[in-house]
Amino acid sequence: DNTHLNNEILLYLPRLQMFTFNIETYITVINETNRTKPNEIQHTFYNGKSHQCICYIDQYPRGKARSHIYSIPYKLNDLCDISSHFPGGLFAYVHTISLMDIYYAFEHDFFNKSAHSFPILTSLSVLNRTPQKYKRLLLITLNNF
């Protein structure tokens, strides 16, 4: 959270000009009133500085949730545990990604978006327990045979 980040980390780095990060948090949502919104999480990282970031939240069954927040432009070489709610964007430095979503399927459109988001991708791993709902069929004509 913002308090921990500011009091335990950023406080000791007063000359920090750039903060590159990729943070995932898992929480239990007790009721609808303590449900955090992505813009609330993003706001905690500004702290009067020009840190830009993207955040998305996955809501899971039984009151579980996960937030994924990362700095932009993203200059790290890998991006791990991307879920099916990943908003996309351009990740010009990323060589390796891992996709993980056990509750929601990675649909065909997600892979199309990912192909544009990671132009130099060399390694992809996928963990998904839910089958696709919207499968695209590849029809092959045998006219040339």
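The values are calculated or read from the model by the stated rules, or taken from the named source; none is laboratory data. All of these numbers come straight from a predicted model, not from anything done at the bench. Heads up, the Cβs are rebuilt from the backbone with ideal geometry, glycines too, and the neighbour counts pull from every protein chain shown. Quick note on the areas: whole protein, heavy atoms, side chains included, nothing else; ligands and nucleic acids left out. Shrake-Rupley method; radii C 1.70, N 1.55, O 1.52, S 1.80 Å.
Quick rundown of the values:
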item: Whole-Hz couplings from phi, Karplus 6.51/-1.76/1.60, listed for segment 126-133; x for Gly and Pro; result: 10, 10, 8, 9, 9, x, 5, 8
item: Area accessible to solvent at Thr122, 1.4 Å probe radius, in Å²; result: 110
item: For a label point 7 Å along the Cα-to-beta-carbon line of Ser98, residues of segment 105-137 with backbone N under 18 Å; result: 106, 121-130
item: FRET E, pair Arg62, Gln132, Förster distance 30 Å, beta-carbon r, rounded to 0.05; result: 0.80
item: Theoretical gain in end-to-end length, Lys113 to Phe21 [0.36 nm per residue, Cα-Cα removed]; result: 30.9 nm
